[in-house]
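Here is the structure we will look at.
The values are calculated or read from the model by the stated rules, or taken from the named source; none is laboratory data. Remember, predicted model here, so these are calculated numbers, not experimental data. Neighbour counts run over all protein chains shown; Cβ positions are idealised from the backbone, glycine included.
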Amino acid sequence: MAREPLINIILFALFPVTAGVAMVLDEPFIITLMTKAAILALAGVGLNIALGLGGLVSFGHAAFFGIGGYAMGVLASHAQSYTPIMETPILIEGTKSMLVIWGVAVVAAALAALLIGVLSLRTTGVYFIMITLAFGQMLYYFAISWPAYGGEDGLSIYIRNDFPGLNTLDPIQFFAIAFTVLAAVLFIAGRLAKAPFGLALSAARQNPERVETVGVAPFRLRLVAFIISGAVTGLAGALFADLNRFVSPTMFSWQTSGEIMIFVILGGVGRLFGPVAGAALFILLEHVLGGLSDFWHVYLGLLLLLVVLFARGGLIGTLAGKETAHD
Amino acid sequence: MTEPVLEVSHLKKRFGALKATDDVSLTLMPNEIHALIGPNGAGKSTLIKQIAGGLRSDSGTVEFAGRDVTALGTVARARAGLGRTFQISSLAMEYTVLQNTVLGALGRDGHVMRFFQPVMKNRKLVDQGMAALTRVGMADLATKRTADLSHGQRRLLEVAVALTLEPKVFLMDEPMAGLGASGSKRLTGFLHTLRAEAPILLVEHDMDAVFALADRISVLVYGQIIATGSADEIRRDPLVREAYLGAEDAA
């Protein structure tokens, strides 16, 4: 069953090929759509580590997406207004450096995932879904009521942040950054799934009792998975904010959590490239169906229903067949 | 006088009015197979859970290799060297047979927080997993999906995973169930040699296996051990005959 890697490569190659053709045809909007798809795919790859590998149905990943977004917004807004974030006890200034922003986004999202994970991973099933949702909503209302950074209106960043040696305002160059990050994270996530940690984590999803009996605590595995998952989604949030040059509380909303989950389910839960397929399909539908009707979400809903009822493996599963146990 | 490897003292567990485990004490000596028998509902499964750490006891202690493990949970007891097999197979069903034993070897090895090197390319862990499969005669099934195994094959895989843990004590809950006559006979032979590595506390319904293997047999009825002794002593014990073996053994 070597079909899945082939499908993955074709799917993945579609991103730069489409963006490249769009550049030649001078269609920057298409490039931006592909950039958006790559960033949303990244958010989905993050969720898929918790959901697909660990079986943790987090309905609060918007929390990490939003934290990543606000990490960018806060740092860049201070840099553009030349005001420090804090002066005592130590001076912390804003920054326009994308690499620093990514670092802050990843660390902040990971810390949030640690806190949320420690509390929510004591529950399972529907309670876990509800607690993660509650944390997401808490942050959403916090962002709305936090006037220092725009409150309900959000924050505009006038110029995209800097990346050494690149002009980030050029659509194709920013696409290249987002796509490279996605590729790197996919590589790491692929290794993770096959590593000792992945074997144990996935076993804990299939049968926690089995994992305990060999002397490994499922809670620790799940917590680490949740932290990695949150960090990746946080990184996606920082990129997403940079793409739009805008951050708003919407990034924290439960609709965002739902959309990230839709990418994973559409593409194929637990499949490495599932979120990539899912996010690409989502953007395609949003663009094509959204052009036809304002009610395109109805069709998305129907599609989701069909996938859940008849194609559990999602897009990747339907194309590549039953999952092979990893070798 | 040799020390027992496992010593259970005055364990109690009550579910409402039901005394599921009523002041149970038993020991497991080095190289011994100690069988625990009793009619359905006698409390065998409850007692096994209390010993393995899955169920907290109301009172009493479990000592393991001279160490009091009463306060520890399943994970810590497994790490301390308790190798358990389940009455109802408890395996990672999506995995291959080999992946299940590699998971065991990984648990034994303890370095689970490794994120980069493929575990199925780890020569040491894979070799340990294969060695355990070979010992139970399942090496040719290594690449088969666990969900596709027969019931009896799953029972054997349970035993193989326990082997990878290299435990100090085996706690086996009805390993013969579903094996069929020839499979049961083969496993009986295997357990007979296994006792040299670690003693076995064996819960089993297959009386042929119990009488063939056990150095000592304890009979559990209504949460109490009513007799402990050699196979012959248990066969002759009038209390046991009345409560458990019943008319079928009288012939």
- Item | Search result, residues across segment A:141-155 that are assigned to a helix (DSSP H, G or I) and either out of contact with any Phe, Trp or Tyr (no Cβ under 9 Å at 6 or more places or on another chain) or aromatic (Phe, Trp, Tyr) (or both) | A:TYR141, A:PHE142, A:PRO147, A:ALA148, A:TYR149, A:GLY151, A:GLU152, A:ASP153
- Query: How many residues, within segment B:143-169, are of a type in the set (Gly, Ala, Ser), closer than 14 Å to B:ALA92 by Cα and more than 10 Å from every other protein chain (Cβ to nearest Cβ)?
  - Reply: 1
- Filter result for the condition that a residue is surrounded by 21 or more Cβ atoms within 10 Å (Cβ to Cβ), over 20 Å from A:ALA41 (Cα atoms) and aliphatic (A, V, I, L, M), over A:LEU221, A:LEU235: A:LEU221
- Item | Residue count, segment B:19-39 (criterion: in contact (Cβ under 8 Å) with a residue 40 or more places away in the chain and part of a strand (DSSP E or B)) | 14
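So which residues in segment B:154-192 are polar (S, T, N, Q) and surrounded by fewer than 24 Cβ atoms within 10 Å (Cβ to Cβ), if there are any at all? Write out each step before concluding.
Filtering segment B:154-192 down to residues polar (S, T, N, Q) leaves B:164, B:182, B:184, B:188.
Selection gives B:SER182, B:SER184, B:THR188.
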- Residue hits (segment B:150-165; modelled with pLDDT of 95 or more and part of a loop (DSSP other than H, G, I, E, B)) are B:LEU165
- Query: For the subset of segment A:84-125 comprising residues that are in contact (Cβ under 8 Å) with a residue 12 or more places away in the chain and touching a His at 6+ places or on another chain (Cβ under 9 Å), which member is farthest from A:PRO164 (Cα to Cα)?
  - Reply: A:GLU93
- Message: Can you tell me which condition B:LYS44 does not meet? The list is (1) farther than 30 Å from B:ALA212 by Cβ; (2) among the charged types (D, E, K, R); (3) away from every other protein chain (no Cβ under 14 Å), and all the others hold.
- Response: (1)
- Message: Checking the conditions here, which among A:PHE197, A:PHE174, A:PHE179 is more than 17 Å from the chain's Cα centre (by Cα), of a type outside the set (Asp, Glu), more than 10 Å from chain B (Cβ to nearest Cβ) and surrounded by 21 or more Cβ atoms within 10 Å (Cβ to Cβ)?
- Response: A:PHE174
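Here's the yes/no breakdown for (1) in contact with a strand residue (DSSP E or B) (Cβ under 7 Å, 6 or more places away or on another chain); (2) surrounded by 15 or more Cβ atoms within 10 Å (Cβ to Cβ); (3) of a type in the set (A, V, I, L, M); (4) in the same structural domain as B:LEU171 (by TED's automatic domain parsing):
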| residue | (1), (2), (3), (4) |
| --- | --- |
| B:THR2 | no, no, no, yes |
| B:HIS10 | yes, no, no, yes |
| B:LYS13 | yes, yes, no, yes |
| B:MET29 | no, yes, yes, yes |
- Message: From the list B:THR134, B:THR146, B:THR96, exactly one residue is of a type outside the set (Lys, Arg), in contact with a Phe, Trp or Tyr (Cβ under 6 Å, 6 or more places away or on another chain) and at pLDDT 95 or above. Which is it?
- Response: B:THR146
- Message: Only one of A:ARG205, A:ARG220, A:ARG191 is over 29 Å from A:PHE135 (Cα atoms), facing chain B (nearest Cβ under 10 Å) and of a type outside the set (A, V, I, L, M, F, W, C). Can you tell me which?
- Response: A:ARG191
- With A:GLY290, A:GLY317, A:GLY258 as the choices, which residue is assigned to a helix (DSSP H, G or I) and within 14 Å of chain B (Cβ to nearest Cβ)? A:GLY317
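Give me the helices (runs of 4 or more DSSP H) completely within segment A:1-117, filtered to those with at least 2 residues that are charged (D, E, K, R), ordered by residue number. Can you show your working first?
Numbers: elements: A:3-24, A:28-48, A:62-81.
Once the helices (runs of 4 or more DSSP H) in segment A:1-117 are filtered for at least 2 residues that are charged (D, E, K, R), what remains is A:3-24.
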- Query: Taking segment B:89-139 as the search range and keeping residues that are under 21 Å from A:ALA217 (Cβ atoms) and among the basic types (Lys, Arg), which one is nearest to the other protein chains (Cβ to nearest Cβ)?
  - Reply: B:ARG114
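Could you list all residues from segment B:193-206 that are in a helix (DSSP H, G or I) and surrounded by fewer than 17 Cβ atoms within 10 Å (Cβ to Cβ)? Steps first, answer last, please.
From segment B:193-206, those in a helix (DSSP H, G or I) are B:193-194; that's our starting set.
B:THR193 - this is the single residue of segment B:193-206 that is in a helix (DSSP H, G or I) and surrounded by fewer than 17 Cβ atoms within 10 Å (Cβ to Cβ).
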- Task: Kindly list the number of the only condition in (1) at pLDDT 95 or above; (2) more than 14 Å from chain A (Cβ to nearest Cβ); (3) in contact with a Ser or Thr (Cβ under 8 Å, 6 or more places away or on another chain) that fails for B:ILE33.
- Result: (3)
- Message: Exactly one condition in (1) over 30 Å from A:PHE142 (Cβ atoms); (2) at pLDDT below 90 is false for A:ALA280; which is it?
- Response: (2)
- Item | Every residue from segment B:215-236 that is hydrophobic (A, V, I, L, M, F, W, C) and either assigned to a helix (DSSP H, G or I) or buried (at least 22 other Cβ atoms within 10 Å of the Cβ) (or both) | B:ILE217, B:VAL219, B:LEU220, B:ALA231, B:ILE234
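The rows are residues; the columns are (1) closer than 17 Å to A:ALA236 by Cβ; (2) hydrophobic (A, V, I, L, M, F, W, C).
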site	(1), (2)
A:LEU11	no, yes
A:LEU51	yes, yes
A:ALA62	yes, yes
A:ALA71	yes, yes
A:GLN80	no, no
A:GLY94	no, no
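Test A:SER77 against the criterion of being of a type in the set (S, T, N, Q) and either touching a Leu at 6+ places or on another chain (Cβ under 7 Å) or under 22 Å from A:PHE219 (Cα atoms) (or both), and give yes or no.
Yes; evaluated as a whole, the condition is true for this residue.
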